[in-house]
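Just below is one structure, and these are the notes that go with it.
The values are calculated or read from the model by the stated rules, or taken from the named source; none is laboratory data. From a predicted model like this one, the values you see are computed outputs, not experimental measurements. Glycine gets a Cβ as well: all are built from the backbone with ideal geometry, and neighbour counts include every protein chain shown. Heavy atoms of the whole protein, side chains included, go into the accessibility calculation; ligands, DNA and RNA do not. Shrake-Rupley method; radii C 1.70, N 1.55, O 1.52, S 1.80 Å.
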Amino acid sequence: DAGITQSPRHKVTETGTPVTLRCHQTENHRYMYWYRQDPGHGLRLIHYSYGVKDTDKGEVSDGYSVSRSKTEDFLLTLESATSSQTSVYFCAISEGGTGTLQETQYFGPGTRLLVL
Amino acid sequence: GESVGLHLPTLSVQEGDNSIINCAYSNSASDYFIWYKQESGKGPQFIIDIRSNMDKRQGQRVTVLLNKTVKHLSLQIAATQPGDSAVYFCAERANFGNEKLTFGTGTRLTIIP
């Protein structure tokens, strides 16, 4: 998984509780992304980062926040989890640039989140 | 593993045969495309990519064809093996410098022994 780890890999939580998912990379890539994957949908971008402390919203950012204080770590926080946030969450990284495979996004193993 | 799509298009292919998986993309300005493979319970895995200035690109046992006229992308897998069973999906990038990708919902490929 291209030097990407996600933690936890599985989590069960209750509605209304805050949840933080962590993505850690060892590739020193500039870009990091958080996606969610749900049946019937393709991967949908939640937030992404283009550098330390530089983040932007994706198409499904409501209810989520992110932080990136170090190149290697990108955190996704569900401020107050809801059942609609039950999903599989994937982190991805890319080097950025136009060289061979620099534009390609590589994915972590995923975190399965269940909000009861 | 989790289901990545309740109603995914499916393709069943005999082991050893070739398979072709298709993808229609939405943005005529997209300049970069990627095919991913996702096995049950795992993250998407990069297979092959192609830029919009190309029509065809080959890798090991895989070929990607790009038809910009009809906004169509295909992935050909030669001599399929049981390990090829997975969900395959394409991704497109809207334009140069935009690091965001848009993903298709995928096709489930099943290899029949």
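Of B:Lys42/B:Lys100; A:Lys53/B:Lys37; B:Lys37/B:Lys68, which ones are farther than 24 Å apart at the Cα? Could you put the intermediate results ahead of the total?
Numbers: B:Lys42/B:Lys100 21 Å; A:Lys53/B:Lys37 31 Å; B:Lys37/B:Lys68 22 Å.
Pairs exceeding the cut-off: A:Lys53/B:Lys37.
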* Structure fact -> Within the set A:Leu75, A:Leu21, A:Leu43, GNM on chain A using Cα springs under 10 Å gives the largest fluctuation to A:Leu43
* Kirkwood Rh, angstrom, the protein assembly as shown [1 / mean 1/r, Cα pairs] -> 18.1
* Report, to the nearest whole %, how much of the accessible area of segment A:42-116 belongs to carbon and sulfur atoms, 1.4 Å probe, protein only. => 47
* To do: At q = 0.24 Å⁻¹, work out log10 I(q)/I(0) for chain B with the Debye formula, treating every Cα as an identical point scatterer and leaving solvent out; two decimals please.
  => -1.42
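Kindly report the accessible area of the protein assembly as shown per residue (heavy atoms of protein chains, probe 1.4 Å, no ligands, DNA or RNA), in Å². Write out the running numbers ahead of the final one.
Values: 10650 Å² over 229 residues.
Solvent-accessible surface per residue comes out at 47 Å².
Can you bin segment B:39-81 into rounded, prolate or oblate? Criterion: square roots of the alpha carbon gyration tensor eigenvalues sorted a ≥ b ≥ c, rounded for a/c under 1.5, prolate for a/b above b/c, oblate for the rest. Intermediate values should be presented prior to the final figure.
Working: a/c = 2.21, a/b = 1.63, b/c = 1.35.
Verdict is prolate for segment B:39-81.
Please tell me the relative contact order of chain A in percent, rounded to the nearest whole number, where contacts are Cα pairs under 8 Å and at least six residues apart. Could the numbers behind the result be given before it?
Details: 307 pairs, mean separation 41.1, N = 116.
Across chain A, relative contact order equals 35 percent.
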* To do: Compute the distance in nm between two label points, each set 7 Å from the Cα along the Cα-to-Cβ direction, one at B:Asn53 and one at B:Ser40.
  => 4.3
* Asked: Mind checking the alpha-carbon convex hull of segment A:41-110 and giving the volume per residue in Å³?
  -> 106
* To do: State, in square angstrom and to the nearest 100, the accessible area buried between chains B and A, both chains counted, probe radius 1.4 Å.
  => 2100
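Go through A:His41, A:His10 and list them by solvent-accessible area, largest first, probe radius 1.4 Å.
Working: A:His41 80, A:His10 130 Å².
The ranking, largest first, comes out as A:His10, A:His41.
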